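Every read-out reported here was derived from the displayed coordinates using simple, explicitly stated rules and does not represent laboratory data. On a predicted model such as this, the values are computed, not experimentally measured, just so you know. Here the Cβ positions follow ideal geometry from the backbone for every residue, glycine too, while neighbour counts run over all protein chains shown.
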Amino acid sequence: MTLDKRLARLARVTLDEAARVKLRVPLTTPKVVMRTWPDEAEVLATLNEAVAGQRLKPNFGIPQCLVTFGRASLHRFVDGKPLSQEAPSGTPIREKRLRDIAEVFAYAATVTREQLPKLPARWPGDKDSDGFLDLLVQYAERVHHEHRPVYGSLFDALGVPVDALERFRRGVRQRVGVLYPRPYSLLHTDLHRDNIVLLKDGSLFILDWELATFGDPLHDLATHLVRMEYTERERERMKRQWERTLNLRGHSAMTAGMATDLQAYMDFEYAQSVYADVVRAALRLGDVPGSPELEPSVSLVVRALQRAQVPLGLASVPGESEVEAALNDWHSWRYPQQRWRWGFVERQAPSQAHAF
């Protein structure tokens, strides 16, 4: 977007720069993932300050917030293209890109707790990996229970029990025991192909730090491995590259226990995604029947349940027809005034298919 003279002065940019800014407006959606710091602009300011104060500069760029307007903010525009354009999900990523991404994690490991905004009260202490996983599980449980009044019947129909996350945590204790005590670091937690921008000079620019937090670095690697949609071969390459890079940069303590503990965090990512994806799928249907989003919503839920079956200890996973029926039943309960319209749409569908 382009700023007028008044806003350019407020943002402290020249008129030439004012023609190249980006407006960020948080979406009004249910909270389904943990957000440690409510103000992304504060996180970006501390990160840019940390970069300025270090001799070794990162190999990637960080957004610069120019000014905030309530919950909205203006960022300096950077010209580039997301990694998802160069390499869509399921397609190979160049080896150099993997090395550069690993360097992002290594640099984040240099940011200290003192350089970051104040953490919420009762935050687990450094190296308390078990406590950090408990924190994540507790937040996911809170999301589940807070959404139960609206989505509880849908969770029940999909076979997700109320104590599923408790089962997950017990399973981790049985398989792994106590997680290895790794030093905490800054975590992005949402580093996927759309948040990695490729600049013309070949460097990276990392977007969307709103979900950043401070904790066990294996959690950051796990969310990255899951959300990047790597091929199995690339996933193994990225794990080795991450470990190698952090060790070379003097952070070998952060890779300790990786062989067992990484899977626990990946399983958590699959487990908590069920709650987030079911809520997102239901919301995509809107408040009227016959939503064109029904089919992709069904696919989203089926995939989430399949990936979480083992971590959540689900006896079985419903198929597409069962998930579709569950979503339809929930929609009819949620919007009872639309029931007759839903039936009308379903009855009329065959005759409409032959209309010209």
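Please turn the phi angles of the range 271-281 into ³J(HN,Hα) values with the Karplus equation 6.51 cos²θ - 1.76 cosθ + 1.60 (θ = phi - 60°), one per residue in order, whole Hz, x for glycine and proline.
5, 5, 5, 4, 5, 5, 6, 5, 5, 4, 5
Fewest Cβ neighbours within 10 Å first, please rank Leu158, Leu300, Leu165 accordingly. Don't jump to the answer; show the numbers that get you there.
Details: Leu158 22, Leu300 18, Leu165 27.
Neighbour counts put them in this order, fewest first: Leu300, Leu158, Leu165.
When a footprinting reagent is the concern and you count Cβ atoms within 10 Å, what order do Met254, Met34 take, fewest first? Intermediate results must be reported in sequence, preceding the final value.
Numbers: Met254 25, Met34 17.
Fewest-to-most ranking of Met254, Met34: Met34, Met254.
What is the extension gain from Gln85 to Asn328, computed as 0.36 nm multiplied by their sequence separation minus the C-alpha to C-alpha distance, in nm to one decimal? Walk me through the numbers on the way to the answer.
Numbers: separation 243, 0.36 × 243 = 87.48 nm, distance 3.46 nm.
The Gln85-Asn328 span can extend by a further 84.0 nm.
Zone of Val78 (label point 7 Å along Cα→Cβ, backbone N under 19 Å): which residues in the range 185-201?
186-201
What's the center-to-center distance, using Cα atoms, between the range 181-198 and the range 209-281 in Å?
9
Rank-order 272-279, 213-220 by packing density, defined as the average count of other C-beta atoms within 10 Å over each peptide's residues, highest first.
Numbers: 272-279: 23.4, 213-220: 26.1.
For the peptides 272-279, 213-220, the packing ranking is 213-220, 272-279.
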